[in-house]
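Here the structure is laid out as structure tokens; the discussion comes afterwards.
The values are calculated or read from the model by the stated rules, or taken from the named source; none is laboratory data. No experiment lies behind these values; they were computed from the predicted model shown. So basically every Cβ, Gly included, is an ideal-geometry build from the backbone, and we count neighbours across all protein chains shown.
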Amino acid sequence: MIPATMLTNALLVGAVLFCLGLVGILTRRNLIVMFLSAELMLQGVSVTLVAWSRYHGDWGGQVLVVFVLTVAACEAAVALVFVLQAFASTGRLDASAWQALREENLPRVIDHELPADDRVVPTWPHLSPAGVVPEGHDSRSLERDHV
Amino acid sequence: MDPVSTATVSPSGLLLAGSVAALAASLWLLLPKASDTVASRRLGFLLGAVALVGFAATGRSLGCVGEDAVFLTVAGIAVISGLATIVTRSPVYSAIWFAMTLAGVSGVLLVLGAQFLGVATIVVYAGAILVMFLFVLMLAQPSGMAPYDRVSNEPMLAAAAGAVLLGLLTLSIGRLSAAEPPACCRMPSRAQALAAAAAPADGAAAKDDETTSLIAPATAGGDTGDANEVAHLGAELFGRHLFAVEVAGVLLLVALVGAIAVVSRGEATETDHRREGR
């Protein structure tokens, strides 16, 4: 059993997480980040459900959170398959790549003046080679300077 | 007395309005935009910290933020990582910040006394779902920082909407702990029935009954915070909710089969060709 102040504490945390997830899903254009924002909203709801469940001494809220976990796993599996298919057909993880599906009266999303890629390219330490350089493909084609 | 009008003129109402404005400005500055500079992001972080403190202070003046240091720590981790999840440009870092959020949420659940769900959040979310996200990111990440990660849709409107919604939720949560509930909301809960049945109530619960909340907490019988928490949750899950468990199992199976069916697109595999040739 938890006191009333603990209940309202947890409700506030749940509300903050829910609103952050809402902002994320409204603004971000990367499909993966949109799904992460949806999961953030689910986390907020889970915290709220558990708080009420513990406050009332009723197991219903926690049982519901168990099912939320189950459905989130199913949703992530199916949705990520669709994301992969979308990436395979457009080469982008961009939600606006599918704007041909929009309503006719809505304006088209046009990317004006995209920001310059101003990130600093890291300078890696130069190591002296040890041993024989292996034959084969140019391994630089597999390297990435960012994640 | 109208609670809304008192809230708008009281200092806590002003504090709440200031926090909402700071949060909206912070989100707008932090979200990826074309006109981003390092200075604007720093200002955004600063305003975000101000908004966080403001919301905590608002909740405190509304009488609903306690002083549990452990809770405040894990809640702060969850909230700050959640903010970082939605404003980070790189989706991989976003996923890693989300893992941090999950750690914080798991801590919150543990403090609340839901041990099984706290562990399940780490195991299922961070261990399975998040790893699946990272796999997809590795498979589908285009080379170079994608331009659509550096812009966002309507950042100003979305930040304002989110901040205002959070302000309203904070207000209603504060009123929940302070206001006298209307008669229609005072439903007799199962916990109350149990409490009435178990007559010897302890002193703390009786005190809680005096400081009127929406529904008085139970005193005995329905306590969910005992050492056998997992056992009780399992009994509840496989007792009252057995049918729902079966349905969830079917749902998992359908999702598995559906995901494989969408990926394979019904194309014939090598084995099928060999079998046809034979």
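Quick notes
- Residue in the stretch B:71-88 that is within 22 Å of A:Val47 (Cα to Cα) and more than 11 Å from every other protein chain (Cβ to nearest Cβ) present: yes
- Enumeration of residues in the stretch A:17-30 that are part of a helix (DSSP H, G or I) and surrounded by fewer than 24 Cβ atoms within 10 Å (Cβ to Cβ): A:Phe18, A:Leu22, A:Ile25, A:Leu26
- Contacts under 9 angstrom Cβ, first residue in the stretch B:159-175 being in contact (Cβ under 8 Å) with a residue 24 or more places away in the chain, partner surrounded by fewer than 23 Cβ atoms within 10 Å (Cβ to Cβ) and not in a helix (DSSP H, G or I), 6 or more apart: B:Gly174/B:Gly63
- Residue match in the stretch B:32-39 (condition: part of a helix (DSSP H, G or I), at pLDDT below 90 and in contact with a helix residue (DSSP H, G or I) (Cβ under 8 Å, 6 or more places away or on another chain)): no
- A:Val78 being at the interface with chain B (Cβ under 7 Å from one of its Cβ atoms), in contact with a His (Cβ under 7 Å, 6 or more places away or on another chain) and at pLDDT 85 or above: no
- Condition met for A:Glu103 (more than 7 Å from chain B (Cβ to nearest Cβ), assigned to a helix (DSSP H, G or I) and over 23 Å from B:Arg150 (Cα atoms)): no
- Residues that are part of a helix (DSSP H, G or I), within 9 Å of chain A (Cβ to nearest Cβ), among the aliphatic types (A, V, I, L, M) and under 26 Å from A:Gln62 (Cβ atoms), drawn from the stretch B:89-123: B:Leu102, B:Val105, B:Val108, B:Leu109, B:Val111, B:Leu112, B:Leu117, B:Ala120
- Every residue from the stretch B:52-96 that is closer than 30 Å to B:Val230 by Cβ, modelled with pLDDT of 85 or more, surrounded by fewer than 20 Cβ atoms within 10 Å (Cβ to Cβ) and of a type outside the set (A, V, I, L, M): B:Thr73, B:Gly76
- Scanning the stretch A:23-80 for residues that are of a type in the set (Phe, Trp, Tyr) and either without any contact (Cβ under 8 Å) to a residue 24 or more places away in the chain or in contact with an Asp or Glu (Cβ under 6 Å, 6 or more places away or on another chain) (or both) gives A:Trp59, A:Phe67.
- Hey, A:Asp58 surrounded by 10 or more Cβ atoms within 10 Å (Cβ to Cβ), at the interface with chain B (Cβ under 9 Å from one of its Cβ atoms) and at pLDDT below 80 or not: no
- Apart from one condition, B:Phe135 fits all of (1) modelled with pLDDT under 90; (2) aromatic (Phe, Trp, Tyr); (3) buried (at least 18 other Cβ atoms within 10 Å of the Cβ); the exception is (3).
- Residue among A:Ser96, A:Ser46 that is buried (at least 23 other Cβ atoms within 10 Å of the Cβ), small (Gly, Ala, Ser) and within 8 Å of chain B (Cβ to nearest Cβ): A:Ser46
- Matching residues in the stretch A:61-75 - criterion: being under 30 Å from B:Pro147 (Cα atoms) and more than 7 Å from chain B (Cβ to nearest Cβ): A:Glu75
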